[in-house]
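Written out below as structure tokens is the structure these notes cover.
Read-outs throughout are calculated quantities, based only on the coordinates presented, and are distinct from any laboratory measurement. Only a predicted model underlies this, so the values are computations on that prediction, with no experimental measurement involved. Heads up, the Cβs are rebuilt from the backbone with ideal geometry, glycines too, and the neighbour counts pull from every protein chain shown.
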Amino acid sequence: MKLTFLGTGGAFDVAYGNSAALVELRGHTILLDCGFTVYPTLRQYSLTDQIEYILLTHLHNDHIGSLATLLLHRRYFNPDNRPTILYPDDDFRDEVYEFLRFQLQKPDKYVDFTPVSEFPGITALDTFGLHADQLQTYAYLFEDTTQRLVFSGDLAKPETLFALLRGMPPKATTVFHDISFSEENVTHTYYKRLIPLSRDYKIYGYHCNPEEAPQDNPFPLAYHQPELMLAAHMQVSAP
């Protein structure tokens with residue numbers, strides 16, 4: 001099991017790419033979020049045809065903005081190999097379908113939809129209202145026999161997520177958590193709020209501008225970890 005970031009920036013941190021990742025789980029490749037910089041990144045590294053499944057944390061543009069373009073690409077260049085969107089519940093599926101209907105007219109021609117509960121090793125954690133008022137969001141948990149990876153999505157209030165983790169059977173757990181360095185930011189987790197929750201977990205911060213990190217930030221940022229970044233992997237593998 002492996003998670004590799006395509007980008008780690010916030011909504012306006014274009015230089016760092018929209019926060020999104022590829023998850024390798026049980027021999028499959030899952031795209032985790034598809035913001036407006038994701039399709040160009042996939043094209044840059046010739047990865048568009050490797051995406052088998054798609055998971056979405058919520059429907060803000062920096063998490064879903066190039067989804068229709070990716071699906072159009074697959075329809076025209078690889079029509080016999082459609083990706084599948086894994087959805088946490090029927091209401092969220094309907095929201096994604098409606099979003100795509102405005103751009104694709106008939107989304108069923110471009111993508112399949114399957115409940116995430118049918119994919120072993122993935123659990124959707126309902127985080128409704130914890131990013132923005134009345135907004136449906138999800139965190140995702142990926143698990144194999146030895147480890148657990150957690151992707152927060154966007155959260156301003158992390159306590160609910162960590163309460164859920166504490167209620168699970170003990171297992172080596174790595175948390176990738178959106179992070180803010182401004183206490184006035186009411187839609188992402190201020191880094192000091194994570195500190196009392198971080199015991200027993202390895203936490204990496206993402207969805208931020210790394211240049212804004214204060215010296216007392218105790219959390220390693222995904223952007224600074226070559227083993228977590230797609231660009232670094234591709235540079236190493238290039239001939």
Rough spin-label spacing in nm, given labels placed 7 Å along Cα→Cβ, for Phe102 and His28: 2.9 nm
Per residue convex hull volume, Cα atoms of the chain, in Å³: 130 Å³
Percent of alpha-carbon pairs separated by more than 15 Å within the range 172-217: 41 percent
Under 5 Å, built H, 5+ apart or other chain: amide partners of Gly7: Ala20
Added length on full extension, which subtracts the Cα-Cα distance from 0.36 nm per residue, Leu72 to Met1: 22.7 nm
Using θ = phi - 60° and Karplus 6.51 cos²θ - 1.76 cosθ + 1.60, couplings along the range 33-43 (whole Hz; Gly, Pro as x): 6, 8, x, 5, 9, 6, 4, x, 5, 4, 5
Shape of the range 132-229, Cα gyration tensor, a/c cut at 1.5: oblate
Phi to ³J(HN,Hα) by Karplus 6.51 cos²θ - 1.76 cosθ + 1.60 over the range 68-77, Hz, x for Gly, Pro: 4, 5, 4, 5, 4, 4, 5, 4, 8, 10
Most mobile listed residue (Pro158, Pro196, Pro169) in the chain, GNM with C-alpha springs under 10 Å: Pro169
Sequence-distant residues sharing a close amide H with Ile54 (under 5 Å, placed H): Leu31, Thr84, Ile85, Leu86
Under-5 Å amide H pairs with Tyr204, H placed in peptide plane, nonlocal only: Val175, Phe176, His177
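Please work out whether the range 1-98 counts as rounded, prolate or oblate from its C-alpha gyration tensor, where a ≥ b ≥ c are the square roots of the eigenvalues and a/c under 1.5 means rounded, while otherwise a/b larger than b/c means prolate and anything else oblate?
Working: a/c = 1.27, a/b = 1.08, b/c = 1.17.
Taking the square roots of the gyration eigenvalues as a ≥ b ≥ c, the range 1-98 is rounded.
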Relative exposure of Val38, Val175, judged by other C-beta atoms within 10 Å (fewest first): Val175, Val38
Backbone HN-Hα couplings from phi across the range 109-114 [Karplus 6.51/-1.76/1.60, Hz, Gly and Pro as x]: 6, 10, 8, 9, 10, 9
